[in-house]
Amino acid sequence: MRLLKKRIHFILGGLILLGAVSCDKDFNTIGANFVSQNNFNTDLFVGTEINAYSNRIAPGVQTNNLPVSLVGRYVDPVYGITDASAINQVSLSQYSPSFGDTPVVKQILITIPYFSTLIDTDETGASVFELDSVFGSEPNHLKLIRTGFFLRDFDPDVDFDDPQVYYSNEDFSGFDINTGPSIPSSVIYEDPMFFPSADEIEITEFNDDTGEDEVTQRLTPRLRVLFENPDPIDNPNPEAQAIMDYFQALIIDEAIQDNLISENAFQDYFRGIRIESTPATGNGHSMILDLDGASIEITYTFMTPDIGDNDNDGDTSELIEEDDTITLNFSTNRVNTFVNTFNPAILAEIPTSDSRLYLKGGEGSIGVIELFGTDDVDGNEVPDQLDQLRANNWLINEARLELYVDRALVQGGSSEPQRLYLYDLDNSAPLVDFFFNTAGATDEVAANHLGILQRDEFDKGIKYTMKLTEHIKNIINNDSTNVRLGLAVSAKVDDFSLAEIENATDPDIVEVPGPTVYSPRGTVLHSVNSENIEKRLKLQIYYTEED
């Protein structure tokens, strides 16, 4: 696939750069020893000429095949509202299934795991969890809807040579399929007052010896809804029976048709499931879901000859009832859609402001940073300031960008991104610093290169420090190309996937990092012409030179 090829290309490029950096490191070490035998000075240079601006991710951005999905309403205190939903293909756990004699659906189990962190486990094995990536505190009306939209893997407009691209501004709501008389709507499941629980789920079974229920399995927090109707005469459950009847007709009774014989046939038949989550009260909430583990499990009974005399009655010719399951698994072919109601004043500022950098995930915006100015008197296509810095023969000890949060606009807390991603915008690749002395360890990268947000005692952001020492060394000491830098919100800094911008207005910025698309957070930073001079965007270069 296109994104996978690009990811491999960037990783290989990073490894090549890493080799070059290793050589550069040895060179600088030798140089340091040489300088130490002479008079030398160390100093700080903060006069780098910088041009910085914000670029909108609009009108849409590629959202198919993201590793996670945002659903619900996200309210950003600066940028405004994003209403997100997801559409997902499903696949069967087996094709051309044989359901046996007179199969009847016994129960339906819907499962969608949440992202969570283990906090504690007691002596009984019970665990306490904390949910990750839940934004807001009010309930939503959650719906799982069968959709008639077919998510293609490849694009027919280019003879199926390229992967199909879907964008965040698509509207799939008009493709919902009426599920028939047993469920008189397109909704398979709904909860009008849904809010995710952080509770561990205990699976129990009755122990005949002790006469008590015993815990047989412990599950991390998740949506787990079981539909069954064990006593339809004396204690009927019409809601459960309707869903069971629906999947009886949709899956079990289809075994005699050709719709279950292969993955392609089934996906053309069933199409997919759309997840819609809208505020039930107030602004509701949003959450990032792990749909790779989502499924609908169908348990059914069927009649089979008692060849092994399982009931110990001596009759091996009779028919007995047995259980089996078939599962609908959510596939990786999915699309996230966003409907934004952004602050008009902020939207007007994004393309024009030189005093602020506006960074927003999803269908938001990124920052662009150009170093060393644009003056080129000698016409050598190298900025004059960079020519001068190269002529200085400095030994670069450290280089870093200081990025201060506009604390008057940004409220702090969980709405602030914990980290930003600084990257080579011209080649859509990580900077060499990402691979330098980290072996790709994400925590180390965040600490040494892609600085984690520094916060005050009230959890309000102060600044990000982005170290780009090796990148600046390569530009000044090794005559590497002075590429533009991109700055984006990121949910996962070691995910190098890319997402296309639909009908990009800037031909030089046609894609953004994938992790900025699935992060809803945003921030505002002081830029080069901020009225607060001390907090202006600066490149700090610490260097050593011979006296």
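Bear in mind these aren't lab numbers, they're just calculated from the coordinates by the rules spelled out. Quick caveat, the model's predicted, so the values are computed rather than measured. As a convention, Cβ positions derive from the backbone with ideal geometry for all residues, glycine included, and neighbour counts pool all protein chains shown.
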The chain: Rg/Rh from Cα coordinates, Kirkwood Rh? 1.07
For Thr281 and Thr304, compute 0.36 nm times the residue count separating them, minus their Cα-Cα distance, and round to one decimal in nm. 3.2 nm
Simple spin-label estimate for Glu531 and Asn235 in nanometres, 7 Å along Cα-Cβ: 6.9 nm
Go through 324-330, 122-128 and give me the packing order, highest mean Cβ count within 10 Å leading. 324-330, 122-128
I want to make sure I understand the PRE zone here: with the label point 7 angstrom from the Cα of Glu349 toward its beta carbon, which residues in segment 49-85 have backbone N atoms less than 18 Å away? 52-57, 75-82
What aspartates and glutamates could a cross-link reach from Lys143, if we take a straight Cα to Cα line under 13 Å and drop same-chain neighbours fewer than 8 places away? Asp176, Glu190, Asp191, Glu276
Please give the peptides 145-151, 215-221 ranked by average Cβ packing (other Cβ atoms within 10 Å per residue), highest first, as a rough proxy for protection. 145-151, 215-221
With a 10 Å Cβ neighbour count serving as the proxy for reagent exposure, in which order, fewest first, do Lys473, Lys106 appear? Lys106, Lys473
Over the chain: helical MRE at 222 nm, DSSP H runs n ≥ 4 each giving -39500 (n - 2.57), nearest 500: -5000 deg cm²/dmol
In units of 2.2 N^0.38 Å, what is the alpha-carbon radius of gyration of segment 80-338? 1.15
Lys/Arg Cβ at +1, Asp/Glu Cβ at -1, dipole of the chain taken about the Cα centre: which of Ala348, Ser365, Phe194 is farthest positive-ward? Ala348
Given 96-102, 233-239, 297-303, the highest-first ranking by average Cβ count within 10 Å works out to 297-303, 96-102, 233-239
Magnitude of the charge dipole, the chain, Cβ model with Lys/Arg +1 and Asp/Glu -1, debye to 20: 2720 debye
Holding the Cα-Cα limit at 18 Å, pick out from Lys492/Lys538; Lys360/Lys463; Lys463/Lys538; Lys360/Lys492 the pairs that are longer than that. Lys492/Lys538
Rh by Kirkwood over Cα pairs, then Stokes-Einstein D for segment 298-340 at 1.002 mPa s and 20 °C, µm²/s: 153 µm²/s
At 15 Å minimum axial length over the Cα atoms and a Kyte-Doolittle cut of 0.0, report the qualifying DSSP H helices in the chain, or say none. 2-35, 238-250
